[in-house]
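J.: Dropping the structure in here first, questions after.
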Amino acid sequence: MRTLTTFCAQCPEAVTLTPIGLFPAAQDNDIFWLNKIQHSQYLVDFHAQETIETSVRCMNALYRLQTLQSQALVQLTDLAQAYHMMADTRDEQIKELSEELEDRDTRIGQLEGQVQEHDTHMGSHKISALLDLASLNYRQDTITHPAEKQPNQRRKE
């Protein structure tokens, strides 16, 4: 199609000056086209070979155009099917990843709950361990330094 367009642009006389023209006019009421069609008997009588050759070239160009359009339509259909399949695959992947993300979020929530339980448990263990350590230190201080504790006891009495 591009080659045909290039030819028409480079050789306008071949398109317009041949007895019937290379292609039909774009509009039905084109004066030059109507003139050529209305005088078709003249073309048959005086330019029969050229008219037949031009008609054959037009039919050949039309057939080639239809063939190219058919090929383009097949390619376009294949592309559309491929894109559709790709979009379906992508949608499935997104759905799977969303489910995986939800599972991970659930697991993270469970782990956070466990961490809080452990922190609470560890906090109570730390407090009791600190209390145990403090009472142990107090006992050791009482055992190793009994004289220091006696003046305090006298004050209480």
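Every read-out reported here was derived from the displayed coordinates using simple, explicitly stated rules and does not represent laboratory data. All values derive from a computational prediction rather than experimental measurement. FYI the Cβ positions are ideal-geometry reconstructions off the backbone, even for glycines, and counts take in every protein chain you see.
J.: Could you tell me the ratio Rg/Rh of the range 27-136? Both radii from Cα atoms, Rh via Kirkwood.
T.: On the way: Rg = 41.4 Å, Rh = 22.9 Å.
Radius of gyration relative to Kirkwood radius: 1.81.
J.: If we sort 28-40, 88-100 on the protection proxy, mean other Cβ atoms within 10 Å, highest first, what's the order?
T.: Working: 28-40: 12.1, 88-100: 10.0.
So the peptides 28-40, 88-100, ranked by packing, come out 28-40, 88-100.
J.: I've got another one for you. HN-Hα J couplings of the range 91-96 from phi, Karplus 6.51/-1.76/1.60, θ = phi - 60°, integer Hz, Gly and Pro as x?
T.: Result, ordered by residue: 4, 5, 4, 5, 5, 4 Hz.
J.: I've got another one for you. Quick check for me: using +1 on Lys/Arg Cβ and -1 on Asp/Glu Cβ, what's the dipole size of the range 27-136 about its Cα centre, in debye to the nearest 20? If you can, show how the numbers build up before the last one.
T.: Details: 8 positive and 19 negative charges, 114 e Å.
Its charge dipole is roughly 540 debye.
J.: Compute the distance in nm between two label points, each set 7 Å from the Cα along the Cα-to-Cβ direction, one at GLU112 and one at THR3.
T.: Between GLU112 and THR3, the label points sit 6.8 nm apart.
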